[in-house]
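Working notes, beginning with the structure itself.
The values are calculated or read from the model by the stated rules, or taken from the named source; none is laboratory data. A quick note: this is a predicted structure, and the numbers were derived from the prediction, not measured. Backbone-built Cβ (ideal geometry, glycine too); neighbour counts: all protein chains shown.
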Amino acid sequence: MISLVALSSLRSLLRHPWQILLAVLGIAVGVAVVVGIDLASASSLRGFRLSTQALVGDATHEVRASTGNLDEAWFARLALAHPELAMAPVIEVAALLAQPGTETGPRRALTVFGVDPFSEARLRPWLSDLDGADGTSGSLELLTEPGSALISVDTARELRVAAGDTLRLRIGSRFQQVRLLGLIVPDGERARIALDNLLVLDIASAQELCGMIGRLTRVDLALPEGEAGARAAHELRASLQPPALLHVASLRGRGLEQMSDAFRLNLRALSLLALLVGLFLVYNTMTFSVLQRRELFATLRTLGVTRAEVFRAITAEALWLGVVGTALGLMLGTQLARALLVLITRTMNDLYFVVAVREVHLDAGSLLRAAALGVGATLLGALLPAIEATRERPRLALAVSSLETKWSRLVPRLCAIALLLFALALGLFAWQDAGLLPSFLGLLALVLGFAAISPALTVAIARLGAPILGWRMGMFGRHAARSVESHLSRTAVAVAALALAISATVGMGVMVSSFRSTFLRWLELSLEADVYASAPTLNSGADNSMLDPAFIAAVRAASGVRELTTYRGFRTMAGERPVQAAAITLNAERRKAFEFRDADAQDVWPAFETSQAVIVSESFGYRNGIERGQRLSLATDRGARDFEVLGTYSDFASDQGFVLMSRESYERCFDDRGISSLGIFAAAGVDSDELAARLQGLVPAQQQVQLRSNRVLREASIEVFERTFEITGVLRILSTLVAFIGVLSALLALELERGREIGMLRAQGVTPREVRRLVLAETGMLGTIAGLIAMPLGLALALVLILVINKRSFGWSLVIELDPWVFAAAFALALVSALLAGLWPAWRLSRVPPALALRGD
Amino acid sequence: MSARATQPSEPIVRLSRVVKHFREGAGLRAVLDGVDLELERGEFAVVLGRSGSGKSTLLNLISGIDLADSGSVQVLGLELGSAGEERRTLLRRAHMGFIFQFFNLIPTLSVGENLMFPLELNGRGGAAGERRASELLERVGLADRWGAFPDRLSGGEQQRVAVARALVHDPELVLADEPTGNLDDESAASVIALLSQLLRPERKTLILVTHNPAFAELADRKLRLAHGAIEAQVIAR
């Protein structure tokens, strides 16, 4: 049975249902942001991981080429040398569905999976015995009909295709067609996951389709467990020659996953900022609810209720608010995750790896973490008010004035705490080698420091603003400004919550605008050629698309073309780490595009072109601890080779970073002679758009080459950039929503406190309209103060995000760009949020009859 | 919680050289400055004095709500200055009843629940507690208002409920801080009469702070506070 202490407290709370509603909503939105981002991010990764793992099947190891594809002769060699081992050749290539109607929508990726059904029985039994949905045996027909494929019934349903249909795909630069022979009914969950988005072909068909005649993606092997397996692996490694390398199959994809770690970490940090705003809101709400009931608590204490009992009653309330708000937040967050999944998957596809995820996976771990965070944050938010309520000696009817006196005495102490927090934050930021956790803790200390100093700033700004409001609105203006100071216990918390949310928008805004301007400057510098020709890829890291040599020759000979530079992107390994690398040819203009951070260009270029050397991007150097003068060991077709690092250059093409080597070095170490893109320099007086259009005519039939002028490529790059940061826009809106709820809650609570005061004014002849003006002048003042505080806090957040967190997570040095519009918009947002939040309380207060108001709550 | 059992002959309240200051601006003002007082079990004491003379502070010190800056406050044998917050609270819970000028009924509990509140705190809820509360409510003339909430009652009725609440758990010491200050004359007289009727036969100790000299005539002891000290003390018996 509920105790009378809890009952009295609960009923008191229930007298103001809007207060509960707003608190629950604030917690819910904060939790929803965290859970939404977490679920969407985890779902996209899980989709990638599940399909990777499912396709690994029972394979324990794989043989791959250090870069590019493996000669298929390796399969025959391995099968002859190790007849006791289960092994199967595999083609696995990402393709884009190019069906009519899919050009403008989200890109739909499929995986072409070429297998030898006879070899699969021991590795992926579910593939060796495919049953068509129509009852026919799919695997046999696969062998007899070239250019035919099978997909699962689930994928067919999603793509709205049926057996007998022809699919048009873009694989690398070429358009290809495959006919669907039949649909596979997956036998069990493992098969269903593996077959999702998979286009299963006979290996010979897949080689032809993907332009990989005589090549394989890899050979999968199942080695025995234990000592025998270790021995077999040792023997295999010894028998392999470059470029063939033996890898552990389960580690496949881990390198790709790690690429997106920093991106996902940043998303999580931003979502936690929204929760922090929510935490302030809970603190706000609980403080008000305790303050409003201070007479009740004093009476209870006088009647013999102990401090512990009061504390328990308040924390129990907070627990319930937290549980209900969190439950609602989990539901909202699941919905939000569905919307964010599109944005996050698109960025993953743009930047990291191809993944097609359409369903949010309700990961119990993510939900539990968010639930613990929501309830924990609520309890934390209630902790101080609960302690405050129990600390007070139970003198009855603690006067509001004495409460405010206490607060004004607290202001200098809070300033001292703020200074300590700022010093702590600076110390944590300066801790260079400590990784990201101290940076985030420093960010938290900074935010709390600003929250602690906000009462002092509120008083100072309100005093400065009083003459201005007085000049504009006379007595009401002066009263409004003073009222902000005289209700400091409430106004300061509301101001801090709003300022924090607005500063998050300033911080993110400055970070994005700095990123944009640095990126544009880099783009301007690095896009030197007039036209770029490239084989389309599914993302910036893909390396399976090559330009046709005949096309390159035709471009070189075309009129209006002055000079060409070439680029060949590839993936290789540095020890166990996957590395994105490129082989380049340069001309004088291209050389100018590089800005070295630790070397003189004059020294770099001669050695770059003549010796076995590389240059690395800033983020690669940062992530791998590589500096000028060190040696980097890379897997090549001739085995592992050491390359001298000549310098570190600025680059924003990838957060993983790049290793660049000269074309000459590449050809010395690798057999491949492919070129993935060209930089085309136009002769004097030739328009680049016109040249691009003309060169398009040289593209062979059934191939796709992206020919983009400097301007178009710049626009396309900016588009990807904008897409990447779209999610920060969503987070800014959600943070502001949480803050708006906080201010509304604070103002409504103040309204309760001020019933008598307003009633007295009304009794003395103040009209309802004047009451509304008075209340709105106060809320406008709160918004102004929050806006003014948000600017330095936002700037500090931006500096931390740019100079510390981005640097430590991506390794990028950004030039800080202070866009005045970001600040102006943030200030306007603070003011408008506060005024909008003030409308309802103003209207309510103006309608209270004087007699009723005089009676108070 | 039990305070040390006092012998019937021992004072129930003993104050010795009690000093209490309050901050006023930058300085301190002595509200009580060396107060000595002893009250016997069953005594009905009235404390008189001007506003700000320290009457309420005296009650706060006796109840353990506030602590003296120096001197000794002993209630039911317990030295409050060294007792600790928890023990003082439990002493109040078990052995004291409070009546306030502004009634201070718990607005979110019904009249019956307000009466049950001290009983539940003392682990004496249940059917027996309800019988005791109903009986007391009947004695204060409000038997039919068990389910009503305080805001539906008149000031006089609220104060009668407050009297019942102060006595329902059978406390040894009842503290009343200007219980008639917010009532009309008729209601005020009725409340004081009620207090006297309920407390005298039970030999409960009552300390009543009031402005009204007429009520002092009912008291066993009259104390007049002025300038931080007990200026005059008249014992009627």
Problem set entry | Of all residues in the stretch B:79-106 being in a loop (DSSP other than H, G, I, E, B), crowded, with 19+ Cβ neighbours inside 10 Å and not hydrophobic (A, V, I, L, M, F, W, C), the one that is farthest from the other protein chains (Cβ to nearest Cβ) | B:Gln101
Exercise. Has the stretch A:360-367 got any residue that is in contact with a Lys or Arg (Cβ under 6 Å, 6 or more places away or on another chain), surrounded by fewer than 22 Cβ atoms within 10 Å (Cβ to Cβ), at pLDDT below 80 and away from every other protein chain (no Cβ under 14 Å)?
Worked result: yes
Problem set entry | Unmet criterion (only one of (1) in a helix (DSSP H, G or I); (2) within 10 Å of chain A (Cβ to nearest Cβ)) for B:Gly112 | (2)
Exercise. Pick from the stretch A:571-604 the residues that are more than 15 Å from A:Tyr666 (Cβ to Cβ) and in a strand (DSSP E or B): which of them is modelled with the highest pLDDT?
Worked result: A:Phe596
For this session: Working only within the stretch A:39-85, note down all residues that are in a helix (DSSP H, G or I) and at pLDDT 80 or above.
Result: A:Leu39, A:Ala73, A:Trp74, A:Phe75, A:Ala76, A:Arg77, A:Leu78, A:Ala79, A:Leu80, A:Ala81
Seminar exercise, completed: Residues of the stretch A:605-631 being farther than 30 Å from A:Ser717 by Cα and either in a strand (DSSP E or B) or at pLDDT 85 or above (or both), in sequence order, are A:Pro606, A:Ala607, A:Gln612, A:Gly629, A:Gln630, A:Arg631
Exercise. Are there any helices (runs of 4 or more DSSP H) wholly within the stretch A:738-839 with 1 or more residues that are at pLDDT 85 or above and out of contact with any strand residue (DSSP E or B) (no Cβ under 6 Å at 6 or more places or on another chain), and if so which?
Worked result: A:768-799
For this session: Mind listing whichever residues of the stretch B:200-237 are surrounded by fewer than 21 Cβ atoms within 10 Å (Cβ to Cβ) and over 29 Å from B:Arg29 (Cβ atoms)?
Result: B:Arg200, B:Pro201, B:Glu202, B:Arg203, B:Ala214, B:Glu217, B:Leu218, B:Asp220, B:Ile235, B:Ala236, B:Arg237
Problem set entry | Any chance A:Phe725 is of a type in the set (Phe, Trp, Tyr) and in a helix (DSSP H, G or I) | yes
Exercise. Among the residues of the stretch B:122-141, which ones are in a helix (DSSP H, G or I) and within 14 Å of another protein chain (Cβ to nearest Cβ)?
Worked result: B:Gly126, B:Ala127, B:Gly129, B:Glu130, B:Ala133
Exercise. Only one residue in A:Leu256, A:Leu245 is modelled with pLDDT under 80, more than 14 Å from chain B (Cβ to nearest Cβ) and either within 35 Å of the chain's Cα centre (by Cα) or part of a helix (DSSP H, G or I) (or both). Which one?
Worked result: A:Leu256
Exercise. Are any of the residues in the stretch B:166-175 over 21 Å from B:Ser134 (Cβ atoms), outside any strand (DSSP E or B) and among the charged types (D, E, K, R)?
Worked result: yes
Exercise. Within the stretch B:62-74, can one find any residue that is surrounded by 21 or more Cβ atoms within 10 Å (Cβ to Cβ) and in a strand (DSSP E or B)?
Worked result: yes
For this session: Could you please tell me which pairs satisfy a Cβ distance under 9 Å, a separation of 6+ or placement on different chains, a first residue in the stretch A:209-235 that is more than 30 Å from A:Ala95 (Cα to Cα), and a second residue that is part of a loop (DSSP other than H, G, I, E, B) and among the polar types (S, T, N, Q)?
Result: A:Leu223/A:Thr60; A:Pro224/A:Thr60; A:Glu225/A:Thr60; A:Gly229/A:Thr60; A:Ala233/A:Thr60
